[in-house]
Structures are given as structure tokens and as C-alpha cells.
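The values are calculated or read from the model by the stated rules, or taken from the named source; none is laboratory data. Quick caveat: nothing in here was measured; it's all calculated off a predicted structure. Here Cβ is always computed from backbone atoms with ideal geometry, including for glycine, and neighbour counts include all displayed protein chains. To get the accessible areas, we keep the full protein, side chains included, count just its heavy atoms, and leave off ligands, DNA and RNA. Shrake-Rupley method; radii C 1.70, N 1.55, O 1.52, S 1.80 Å.
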Amino acid sequence: MRSLVCGAGLALLLTSIQVPAQGLAWEQGLRKDAPDRYTVVRGDTLWDISGRFLRHPWQWPAVWQVNPQIRNPHLIYPGDVIYLYDCGGRACLGLERGQGVVRLSPEVRRIPVREAIEPIPLETVRHFLRDHRVADDPESLGELAYVVAGNDRRIISGAGDRLYARGGLERGPRYGIYRVGDSYTDAASGETLGLELFSIGQARVERSEGDIAVLGVLSASQEVRNDDIVLPLEERELADEFVPRAPDSEIDGSIMAVPGGVRFIGRLQVVALDRGRRDGLEPGHVLQVEQQGERVIDPRTGETLRLPGTDAGLILVFRPYEKMSYGLVMRATRTLEVGDRVGNPRRGVGVAQR
């Protein structure tokens, strides 16, 4: 059933464009080169398909809200044909499945998850979330379980080894082993927004005595060291979280860092943002990236001026924490950099009339 949500986004797009009073303006919302028909192929994402029809792919959910009664639309999957047609002077999209024409309606089709097209390239996000997480409060690190020793007095351990950890660990679940990474700090206020933890491996408790647990290391991408942190693995189902939309609140933030230390950023790279849940960010929120204009000297007055900024891309928030977030760059019209501003995307909303 989790796969059912993956195709809901585009199906809602197709239905909601028919709303007469709140659709996207024809001249603003629809691409001039939008095809009359498009056949969905394996590897497509909802974002990419929407981008074939709409100038701003993120805008498709902006009109979903006028159709709250739609809960379980058809999935979109390889082989479907999406076509554009005129219905009473408005832009409409239909869906052909097999030999017939399917009018999108609230019903469910059960298909294997491998066939469902994804809303965005989720594998990039899954891989990142397997290896990264954030501690909202660095002060709490002292209360977390941690490695105190390896078996046979080893300083480092690897897959197949046993090690000892101190803290409230229980038998049964798998635990992640993490090492402290970068500290994320607000450049303006100096406030610590979070502490990066990156995955070293996984382990399971074999037995314990008091607050000391014996763990068997199941996997390790690096050697496990004393003082590494042991935490329950985070369970995250992503498919139903990514409903791209503009934030409800006004966002004014910046790209704070790029995990891995890269400075220049392109499409489908993960970035750390200095805004989080407390600022109103949720999974699926889309932010516009603005690069600051150059500083120039006024030829008459000698003043230093900054030229207006330039829209440079779009970022989709996929993992908000309390004070910061991780986002995926969905579009980059130029190379993005740490320090670029992020804010609410610009809209082009009106009546979809020809």
C-alpha cells in the first residue's frame, strides 16, 4: 500500500488543473512546448513529468488543495499516456490506460512498488538518510549510548567483531553506530542549529550486564572507535511525504553547508539549510534559491552597490529538523554555492483559460 502514494502527486495534478477558478494561468503555468501526449516510461519521476507540461513543476500541488475530497487517485506508472485537451476553455489533462480512457477519480489500483514512478529521485534521498542524521541539541550527546571498548581491548572494530557500549540498549532492534561530524551554526546569530552524525555501521545487542551491552557489529563502512555513538535506527517511509508545495510561512534563509565539504552545488545534490521546523518547514516544501548580485562601484558617487539577486534554482526539503533542514537541489540554472539565499518560490497562479 505504500506504493499507492507514489503516483498520487501527478494524478492530483491532472485532476486539479481542471478547477476553473484556481488553476494555473494558461500563459504563465503551461509550457509553450507542452506536448499533446506523453507516454510515461520507467525512470520518470512525477516532478519530471510535470515539468513537461508546467513551467514550474513544483506548482502542481498548489491547486491540489482545492480538491481535498481526493484521497486515493490512480497511480501513474510506465505505459500510461497523459494527454492535453481543451475542456470548456480550460486546460485539462487526461490519462489513457490500455485501450480505454481513464478519467482520474478517487480509486485505488494495486501494483508492485517497483512499477510505481517516484515523486522525485528518492534513491538519492534514501542513500543520504541511511548515512546522515542530525542531533538537534548537542548538549544531549552526553546522554546517548556510546562505545566504550572493543573485544580483546581493540581500539577499533569492524563487521563481525564484538564491542561494548554503555547506555540504555535493549536486545532485539538493530542500532546504528554514528560518529560526530560537522556542527551547523547560524552565520548571523552564532546559534548552534544541529550536530551532524554520520553512519559508521550497524550492530545488535547480544547480551548486557547493568548498563554495559555487548554488541555484535553487523556491518561497518568504517572502523568503529571508542566513543562512537549508538542510536536506534530511524524508520522513515518517504513516498508519502513528498507533496511539493510552497511553505505556508515566509522563509528567509540560506544554504548553510554541503555534507561532504563540497562548496559548489549542482542538481540532485543534498544541501543543509539554516531553517527548520520551528520556521515552518515540512517535508515537500520547495524553496527558491537566489544568488546575491555582484558588488559594483557607482561611477558617479563612488558608492559600493549590490546588484539585485538572480534566481538560480529550486530546493525540495526532505528532512526538516527543529532548527535546520536537509534539502535536495531539484533545479540549478547556475552553480549554487554555500551562502546563497533561500526563500519562498515565486508563483504564477490565475485562471487556466485559453
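Under the condition of being closer than 30 Å to residue 202 by Cα, over 25 Å from the mean Cα position of the chain (by Cα) and hydroxyl-bearing (Ser, Thr, Tyr), the residues counted in segment 172-192 number 0.
Here's the yes/no breakdown for (1) in contact (Cβ under 8 Å) with a residue 24 or more places away in the chain; (2) among the aliphatic types (A, V, I, L, M); (3) on the phi < 0 side of the Ramachandran plot; (4) buried (at least 19 other Cβ atoms within 10 Å of the Cβ):
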| residue | (1), (2), (3), (4) |
| --- | --- |
| 217 | yes, yes, yes, yes |
| 220 | yes, yes, yes, yes |
| 227 | yes, no, no, no |
| 235 | no, no, yes, no |
| 262 | no, yes, yes, no |
| 265 | yes, yes, yes, yes |
| 269 | yes, no, yes, yes |
| 276 | yes, no, yes, yes |
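Is it the case that segment 294-313 has a residue that's in a loop (DSSP other than H, G, I, E, B) and under 23 Å from residue 126 (Cα atoms)? Checking segment 294-313: not a single residue is in a loop (DSSP other than H, G, I, E, B) and under 23 Å from residue 126 (Cα atoms). Exactly one residue among 320, 244 is touching a Lys or Arg at 6+ places or on another chain (Cβ under 8 Å) and either in contact (Cβ under 8 Å) with a residue 24 or more places away in the chain or over 30 Å from residue 159 (Cα atoms) (or both), and that residue is 320.
Figure legend. Inter-residue proximity from segment 155-172: first residues at positive phi, second residues buried (at least 17 other Cβ atoms within 10 Å of the Cβ), beta-carbon distance below 6 Å, spacing 6+ or different chains. Indicated pairs: 167/145.
The single condition from (1) polar (S, T, N, Q); (2) free of Cβ contacts under 8 Å to residues at least 60 places away in the same chain; (3) open to solvent by 60 Å² or more (accessible area, probe 1.4 Å) that residue 335 fails is (2). Of all residues being part of a loop (DSSP other than H, G, I, E, B) and open to solvent by 30 Å² or more (accessible area, probe 1.4 Å) in segment 139-164, which is farthest from residue 227 (Cα to Cα)? Just the residue, please. Selected residue: 160. Candidates are the residues of segment 189-199 that are of a type outside the set (Phe, Trp, Tyr) and touching a strand residue (DSSP E or B) at 6+ places or on another chain (Cβ under 9 Å); the one that is surrounded by the fewest Cβ atoms within 10 Å (Cβ to Cβ) is 191.
If you go through segment 165-186 and keep only what is under 15 Å from residue 230 (Cα atoms), open to solvent by 70 Å² or more (accessible area, probe 1.4 Å) and either assigned to a strand (DSSP E or B) or in contact with a Phe, Trp or Tyr (Cβ under 8 Å, 6 or more places away or on another chain) (or both), you end up with 166, 174. Within segment 287-303, the set of residues being among the β-branched types (Val, Ile, Thr) and buried (at least 23 other Cβ atoms within 10 Å of the Cβ) comprises 289 only. Scanning segment 309-318 finds no residues that are open to solvent by 50 Å² or more (accessible area, probe 1.4 Å) and under 19 Å from the mean Cα position of the chain (by Cα). The residues of segment 29-65 that are open to solvent by less than 40 Å² (accessible area, probe 1.4 Å) and modelled with pLDDT under 65, listed by number, are 60, 61, 62, 63, 64. Scanning segment 210-268 for residues that are at pLDDT 90 or above, closer than 17 Å to residue 330 by Cβ and charged (D, E, K, R) returns a single hit, 267.
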